[in-house]
Amino acid sequence: MRIVVCIKQVPDAKDVRLDPVTNTLSREGVKSVINPYDRHAMEEGVRLKEQYGGTVTVISMGPPQAKAILSEAISCGVDDAFLVSDRAFAGSDTLATTYTLAQAIKKSGAVDLVLCGKQATDGDTAQVGPGLAARLDMPYVTCVKKINAIKDQVMRVERMMDDGYDEVEIELPALLTVVKEINVPRFPSLRGLRKAKTFDIPSYSAADIDADPAQLGLGGSPTWVVKVFPPECKGERSMIEGSLEEIADKLAGILSDSAYGA
Amino acid sequence: MLLIDTEACIGCGLCEDNCPFEAIHVVDGKAVVNDSCTLCGTCVDHCEVAALAIERDEGEAIDLAAWSGIWVFAEYRGGKVAQVTNELLGVGTELAAQRGVKLAAVLLCGQSGDVPQQLIAAGADIVYIVEDPALADFSDDAYGNALEDLARKYKPEVILAGATAIARSFIPRVATSLITGLTADCTNLAIGDDGHLHQTRPAFGGNIMATIICPKHRPQMATVRPMVMKANTPDPARQGEIIVETIAPVRLQSRARVVRTVFTEGEQLNLSEADVVVAGGRGLDTREGFKLVEELAALLDGAVGASRAAVDSGWVGYPHQVGQTGKTVASKLYVACGISGAIQHVIGMKSSEIIVAINRDPKATIFDVADYGVVGDLFEILPRVIEKIKERRS
Ligand SMILES: Cc1cc2nc3c(=O)[nH]c(=O)nc-3n(C[C@H](O)[C@H](O)[C@H](O)COP(=O)(O)OP(=O)(O)OC[C@H]3O[C@@H](n4cnc5c(N)ncnc54)[C@H](O)[C@@H]3O)c2cc1C
Ligand SMILES: Cc1cc2nc3c(=O)[nH]c(=O)nc-3n(C[C@H](O)[C@H](O)[C@H](O)COP(=O)(O)OP(=O)(O)OC[C@H]3O[C@@H](n4cnc5c(N)ncnc54)[C@H](O)[C@@H]3O)c2cc1C
C-alpha cells in the first residue's frame, strides 16, 4: 500500500496572540511547526504501514523553510518526503492549493491512500482534504477518529459527526482527514533522526509537476482576501463591587433575573 | 506578487509589525518581502503611505449576470432540520432582498415529509427537493453530485451552508467541482457596494478576522458558523414554490457507505441551544472545584460549559468545551467562572446576550467582553451566590 500524507507548516498556535495594546498579532519568537492535526495523519500512515505493509511519503507545499517539517517527518518514521515550492504558489486559496497538491501527488505515482489533517491551525478552513479528493477523483471521509479495518481494498472507519459518529465503509484508493482522537503520535526515533540527517529533501517547482500556471497562486484563486483586522471587543461592562455579602447578593439577583426572567 | 514602491516606502515598519507571517521586514529603511508571503493583504491595509500593492492577474471573469438567486443548503439529519438552516434562511432573506432576487432552500433527503413547508415558513421562496433512498444517509459523493448538478442547472449566485460536520465535509467538493471559491466558517455576510458577497471569517485560531470576496467566479460559496446569524420568526402561513427534482442514478452512487450511525451526547446539542450556560475554567483548580459550576448551572436550569483548560484537565467532557475548537453558544446568560478570556474561548461565547465574569485577576481579558464583572475568589463567591439564589427561590 502506498500512502501519501499531506503536511503543512504553520506558526505555533500557542505563541500567536493578539497584542491588546497595539491590536496586532504579536509573533515574536513564534516557531514554525507541523500542523498539529498532520502529526496524527503521519502517525496513522506509519501505523498502517506497520500493520499492512507499504510505504509512507509526506509532501508539503510551502516556502523552502518547510523542508524542516519534512525532515522532522522522516525522523518520525516516514519513508520518503518531498516539497513543492515555487513563488508562483504564493497567495493560493484552497482551490489553488488542492490543484497544486493534486498535481504533485499524481506526478509522484499511483497512490492507495491519501491522509490529511482535519484542518490547518492557521488558514483553519478544513477545505483542502475534501477539495483534494475531488481533484484526485477519490472517495473520502472527513474527521476520521478511528480506522477499524482494511480488507479487500475496502476500509472501515469512524467519522465524527456533530451529534455522534458514523461508521463508514470506503473503497480504496481514498482520502481521509483525521482528528486528534485517532492516535497518539510517536516521538522521533534514534534511527529516524539518523536517517533525517542524511535525507536530502527534493523540492519541485511548478514546471516539475506539470502545473498549468493559470491555476496556481493568486491567479488560480477565486477567493480574494480584501481585509484583515482584529476581532472587536464588547467593552461596556459594570463591575460589581463591595463586601463579599454585597457582591453575592447583587450577583444572585443578576443571575436569577436573567436566568428566570425578571 | 507583492509590489513595494521603494520611493514611497518610509521604512516605518507598520507592515512588519502587522504581518501575520513574518514575511515582510524593513531592511536599510525599506520594506523587503520574503518567501513566506501569502499575499493576504494585511500589510497593504496597514501601509499609511500606499507603498504596497498586490498585483493581480486581471483574468477574465465568467458571465456573472447569468447567475442569480441565493441558495441555502437545508441540512436534514435524523428527522430534524438543523437549526443553522433556519439561521441561514434568516440572513439569506436579507441578502436576497438586497440583491432583489429569490431565496431558495435545497433539500436532499430520503423522504421530505413536511420539511419543505417548514423551510418556506422560515423564509425560503423556493424549495428544491431531491427525494431518493440514496440520500437518506449523508454521503459526500451523492450529496456533492446532487448539489453540483442542481447548481449547474439553476445557476445561483450564492450558496450558503452551515459550518457543520456534514457541510464542511461535502461543500468543498462541490466548490472544487464547480471551480469556484468557498469561504470557511463565516461569522458575517453582507452584500458590498460592488454587488459581491463580502464574507468575514476568523482565522489563526480566532486571532484575526478576514473579509473575503469571490469577484470573478460563481456561485459565491460560504459555510457559516452556527449560532451567529439570526433566524426569522417562522410564519406557517407563508407561501412558496416547491420544485421536485430528480438526479441521474449514476450521480447518486457512492463509493463510501454509512454502515452504522451512533448518536451520542444529547447534552452536546443542549449546550449550543441552552438559554443559560455556566462555564468553568482552570480557576476551579480541581474536579471537586468544578462541581461548583455544575451546581450553579443546575440551579439556573442551565447547561455546563468549560474552557479547554478545564476539559484538558479532565474535570468535564469535551462536548462541554466552548470556543474555537469546541461549541459556539449564544445563550441569554453566560457565566464565565475562572476563565481568563483567551480569544479561542471568547469566540465561542461572545454573542451571548448577558455575560457575567468572575475572576480574581482584575486584568483578565474576559472582562473585556463581560457585561458584569466580579473580581474575587471563586471559592468564596460561588458558594455564597448559590446559597443566595436558593434563598430567593424558596
Ligand atoms: C486570513 C486567511 C483566510 C483565508 N480564508 C480562506 C477561505 O475562506 N477559503 C479559501 O479557499 N482559502 C482561504 N485562505 C487561504 C488558505 O489558508 C490557503 O489556501 C491554505 O494554503 C490552505 O488552507 P488551510 O490552511 O485552511 O488548510 P486546511 O484545509 O485547513 O488544511 C487541511 C489539511 O490539508 C493539508 N494541507 C493544507 N495545506 C497544505 C499544504 N500547503 N501542504 C500540504 N498539505 C496541506 C494538511 O493535511 C491539512 O491538515 C485564507 C488565508 C488567510 C491568510
Ligand atoms: C488552536 C487553539 C484552539 C483553542 N481552542 C479553544 C477552545 O475551543 N476553547 C477554549 O476555552 N480554549 C481554547 N484554546 C485554549 C485557550 O487559548 C486558553 O488556553 C484556554 O481557554 C484557557 O483556559 P482558562 O481560561 O480556563 O485557563 P487560564 O487561562 O489558565 O485562566 C484561568 C483563570 O482563572 C483565574 N482564577 C484562578 N483561580 C481563581 C480563583 N480562585 N478565583 C477566581 N479566579 C481564579 C485566573 O485569574 C485566570 O484568569 C485553544 C487554543 C489554541 C491554540
Query raised in the report: Taking the radius of gyration and the Kirkwood hydrodynamic radius from Cα positions alone, what is the Rg/Rh ratio for the range B:105-234, to two decimal places?
Result: 0.96
Query - Span from the the range A:135-203 Cα centroid across to the the range B:225-250 one, whole angstrom - result: 36
Query raised in the report: Just for chain A, what percent of DSSP beta bridges are antiparallel, to the closest 5?
Result: 45
Query raised in the report: residue B:130: net charge of surrounding residues, Cβ under 11 Å, Lys/Arg +1, Asp/Glu -1, itself excluded?
Result: -3
Query raised in the report: How well do other chains shield peptide B:176-184, expressed as the mean number of their Cβ atoms within 10 Å of each residue Cβ?
Result: 6
Report task. Could you give log10 I(q)/I(0) at q = 0.17, 0.23 Å⁻¹ for the range B:93-161, computed by the Debye formula over C-alpha point scatterers of equal weight, without solvent? Result -> -0.66, -1.10
Report summary line: antiparallel share of DSSP beta bridges within chain B, to nearest 5, in %, is 30
**Report entry** the protein assembly as shown - share of DSSP beta bridges that are antiparallel (%, nearest 5)
**Finding:** 40
Report summary line: In whole angstrom, the spacing between the Cα centers of the range B:112-166 and the range B:192-221 equals 23
**Report entry** Along each principal axis, Cα extent of the protein assembly as shown, largest first, Å
**Finding:** 75, 64, 57
Requested in this report: For the range B:20-36, just list the computed ³J(HN,Hα) in residue order, Karplus coefficients 6.51, -1.76 and 1.60, θ = phi - 60°, integers in Hz, with x standing in for Gly and Pro.
Outcome: x, 10, 6, 9, 10, 9, 8, 10, 6, x, 9, 6, 9, 9, 10, 5, 7
Query - Summed side-chain charge close to residue A:256 - residues other than residue A:256 whose Cβ falls under 9 Å, Lys, Arg +1, Asp, Glu -1 - result: +2
Requested in this report: With N denoting the number of residues in the range B:23-162, provide Rg(C-alpha) divided by 2.2 N^0.38 Å, to two decimal places.
Outcome: 1.49
Report summary line: In whole percent, the Cα-Cα distances of the range B:2-54 spread across 5 Å bins from 0 upward as 5, 26, 40, 25, 6
Query - Per-residue SASA entry for residue A:204, accessible area with 1.4 Å probe, Å² rounded to 10 - result: 80
**Report entry** Listed residues A:166, A:38, A:86, most fluctuating in chain A (Gaussian network, C-alpha, under 10 Å)
**Finding:** A:166
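Projected area of chain B, taken from the Cα convex hull and averaged over every viewing direction, in nm²?
For chain B, the mean projected area of the Cα convex hull comes to 24.3 nm².
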Query raised in the report: Accessible surface of residue B:4 in the full protein assembly, 1.4 angstrom probe, to the nearest 10 Å²?
Result: 50
Query raised in the report: What's log10 of I(q)/I(0) for the range B:266-393 at q = 0.12 Å⁻¹, Debye sum over Cα points only, no solvent?
Result: -0.36
Query raised in the report: Can you flag which of A:227/B:216; A:106/A:195; B:102/B:153; B:155/B:216; B:230/B:327 are past 20 Å Cα-Cα?
Result: A:106/A:195
Query raised in the report: With the solvent-accessible surface defined on protein heavy atoms using a 1.4 Å probe, which residues belonging to the range B:199-224 display a reduction of at least 40 Å² in accessible area in the multichain context relative to the isolated chain?
Result: B:201, B:204, B:207, B:208, B:209, B:211, B:212, B:213
Report task. Tell me the GluC sites (Glu not before Pro) within the range B:17-110 that lie in a loop according to DSSP and have at most 12 other beta-carbon atoms within 10 Å. Result -> B:48, B:55, B:58, B:60
Report task. Rounded to the nearest 500, what is the 222 nm mean residue ellipticity of the protein assembly as shown from helices alone, with -39500 (n - 2.57) per DSSP H run of 4+ residues and division by all residues? Result -> -8500 deg cm²/dmol
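Need one number for the range A:2-220: average projected area of the convex hull over its C-alpha atoms, nm².
Its average projected convex-hull area is 13.3 nm².
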Query raised in the report: Taking the convex hull of the alpha carbon atoms in the range A:43-94, what volume per residue do you get, in Å³?
Result: 83
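The values are calculated or read from the model by the stated rules, or taken from the named source; none is laboratory data. All values reported here derive from a predicted model rather than from experimental measurement. Note that we place each Cβ from the backbone using ideal geometry, even for glycine, and neighbour counts take in every protein chain shown. We work out accessible area using only protein heavy atoms, side chains counted, and drop any ligands, DNA or RNA first. Shrake-Rupley method; radii C 1.70, N 1.55, O 1.52, S 1.80 Å.
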